[in-house]
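Here the structure is laid out as structure tokens; the discussion comes afterwards.
The values are calculated or read from the model by the stated rules, or taken from the named source; none is laboratory data. The model shown is predicted, which means the values in this text are computed figures rather than measured ones. Here Cβ is always computed from backbone atoms with ideal geometry, including for glycine, and neighbour counts include all displayed protein chains. Calculation scope for accessible area: heavy atoms of the full protein, side chains included, ligands and nucleic acids excluded. Shrake-Rupley method; radii C 1.70, N 1.55, O 1.52, S 1.80 Å.
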Amino acid sequence: MTLITDVRLRRVLDSRGNPTVEADVLTQSGGFGRAAAPSGASTGEYEAIELPPSEAIAAARRHAVPRLIEEVHAGNQREVDGALRAADGTDNFSEIGANSAVAISMAAAKAGADVLGAPLYQHLGGAFRGENFPVPLGNVVGGGEHAKEATHIQEFLAAPVGAPSVSEAVFANAAVHARVSEILDERDTPAAKGDEGAWAPPISDAEAFEVVDEAVSDVEDELGFEVRFGLDMAAAELYDDDEDGYVYGDEVKSTDEQVDYVAEMVEEYDLVYVEDPLDEDDYEGFADLTERVGDQTLICGDDLFVTNVERLQDGIDAGAGNSILIKPNQIGTLSDAFDAVELAVRNGYDAVISHRSGETEDTTIAHLAVATDAAFIKTGTVQGERTAKLNELIRIADDAV
Ligand SMILES: O=C(O)[C@@H](CO)OP(=O)(O)O
Ligand SMILES: [Mg+2]
């Protein structure tokens, strides 16, 4: 019934106005799934390869589509993803592009769910999934590669850890985003927005800590449940080999100073989450920091692990981090993303399912987060391509998908 009968690929717009790959998968019994690949700006060096969309589409049509049509069942995700891997023949999807691979992989999952008449999260996670919901990490202030003339730290993320429901959590993040804007106004600080819809004010990181801390406390008082915050430092973008350190404008921090700085910020602001606090090759630095503050906060590897089980296993062996960011397009298929979650959970690491800075209205990651029982989902706060995922989470909780 779920035998794939057609795969259609096209270029569509992403939220930055760039082209990206969209896939439609059709099955014998009329099942249909559609998904689009997201795209990063602060991409990790070890990510699977994103090809220019036209090239990725042409290569996938040549190599992958013939191996899928009348050959593979959309309901069997391992079979779909195995065919994509076989069609590509490389470790990093450099032949057909991870953007084509992930779009087809996700579209096939949706087609499989469609035939079963089940919501995607249930198809992927099983009948007993859907009781627990991830805490949404909401980007409220940011800079780095996502905005010019703003903070060095890429993302300051509201984390409504005490919210009684996913809907209240989503609205809490929106309230923090709104409160940040008021506080910036009070300080006569103009702010543009970055790629993910976070405020991108021309202020120092130290001031951003103050502003976000104040906004989070105000919203916590107003709503009456615990709201904290965290960071994505995207430190691989700050690290400069020539300087042998992390560059914050005129200041350069050595690795030891960077570890001290992050540990101090965790203490001072009671941070609940710190992503990529060190360079993407620095397992040792991650391990030092995890040793110091890993019992108080999540230390999450994004560019460090790139959703890759081998890199995650190296991290587990080294004691580097206690959490992994999961981005399906970093590795190319849903099966690979699930394998990374499974390895993480077996080793006491929390999984955090994540969007990219370039997104579409695709909502697959909302389902993925519920299907995998992930602790957190990072998918912005406002702006259509972000609210698409957040609203889908609300619908899943309301049994309305
Ligand atoms: O670093 C990150 O975690 C992401 C998403 O916030 O950014 P990008 O997609 O640009 O890699
Ligand atoms: Mg990151």
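Just need a number here: residues in the stretch 6-18 that are within 19 Å of Val65 (Cβ to Cβ) and either open to solvent by 50 Å² or more (accessible area, probe 1.4 Å) or in contact with a Pro (Cβ under 6 Å, 6 or more places away or on another chain) (or both).
Step one: list which residues in the stretch 6-18 are within 19 Å of Val65 (Cβ to Cβ), which gives 6-12.
Checking which are either open to solvent by 50 Å² or more (accessible area, probe 1.4 Å) or in contact with a Pro (Cβ under 6 Å, 6 or more places away or on another chain) (or both) leaves us with 8, 10-11.
Counting residues in the stretch 6-18 that are within 19 Å of Val65 (Cβ to Cβ) and either open to solvent by 50 Å² or more (accessible area, probe 1.4 Å) or in contact with a Pro (Cβ under 6 Å, 6 or more places away or on another chain) (or both) gives 3.
Between a first residue in the stretch 142-160 that is among the acidic types (Asp, Glu) and a second residue that is away from ligand 2 (no atom under 14 Å from the Cβ) and open to solvent by less than 20 Å² (accessible area, probe 1.4 Å), which pairs have beta carbons less than 8 Å apart while being 6 or more apart in sequence or on different chains?
Glu149/Ala200; Glu155/Val141
Scan the stretch 79-101 and tell me whether some residue there is of a type in the set (Phe, Trp, Tyr) and surrounded by fewer than 24 Cβ atoms within 10 Å (Cβ to Cβ).
The first filter runs over the stretch 79-101 and keeps only residues of a type in the set (Phe, Trp, Tyr), leaving 93.
This time we only want the ones that are surrounded by fewer than 24 Cβ atoms within 10 Å (Cβ to Cβ), so: none.
No.
Yes or no: the stretch 185-205 includes at least one residue that is farther than 28 Å from Leu304 by Cα, among the hydrophobic types (A, V, I, L, M, F, W, C) and open to solvent by 30 Å² or more (accessible area, probe 1.4 Å).
Checked the stretch 185-205: at least one residue is farther than 28 Å from Leu304 by Cα, among the hydrophobic types (A, V, I, L, M, F, W, C) and open to solvent by 30 Å² or more (accessible area, probe 1.4 Å).
Would you be able to say whether some residue in the stretch 297-309 is open to solvent by less than 10 Å² (accessible area, probe 1.4 Å), away from ligand 1 (no atom under 16 Å from the Cβ), of a type outside the set (Phe, Trp, Tyr) and more than 22 Å from Gly230 (Cα to Cα)?
no
Here are some residues: Glu251, Glu243, Glu275. Which one is touching a strand residue (DSSP E or B) at 6+ places or on another chain (Cβ under 6 Å) and without any contact (Cβ under 8 Å) to a residue 24 or more places away in the chain?
Only one candidate qualifies: Glu243.
For the stretch 24-42, state whether one or more residues are within 16 Å of ligand 1 (Cβ to nearest atom) and either open to solvent by 30 Å² or more (accessible area, probe 1.4 Å) or over 28 Å from Pro119 (Cα atoms) (or both). Break it down stepwise before answering.
Quick first cut of the stretch 24-42, residues within 16 Å of ligand 1 (Cβ to nearest atom) only: 36-42.
In the following step, the residues that additionally are either open to solvent by 30 Å² or more (accessible area, probe 1.4 Å) or over 28 Å from Pro119 (Cα atoms) (or both) were identified as 41-42.
Scanning the stretch 24-42 turns up at least one residue that is within 16 Å of ligand 1 (Cβ to nearest atom) and either open to solvent by 30 Å² or more (accessible area, probe 1.4 Å) or over 28 Å from Pro119 (Cα atoms) (or both).
If you go through the stretch 302-317 one residue at a time, do you hit one that is outside the structural domain of Ser42 (by TED's automatic domain parsing), within 14 Å of ligand 2 (Cβ to nearest atom) and either assigned to a helix (DSSP H, G or I) or among the polar types (S, T, N, Q) (or both)?
yes
List every residue pair whose Cβ atoms sit under 7 Å apart, with the two residues 6 or more apart in sequence or on different chains, where the first one lies in the stretch 162-190 and is within 19 Å of Lys389 (Cα to Cα) and the second, anywhere, is of a type in the set (Ser, Thr, Tyr) and modelled with pLDDT of 95 or more.
Asn173/Thr381; Ala174/Thr381; His177/Thr381
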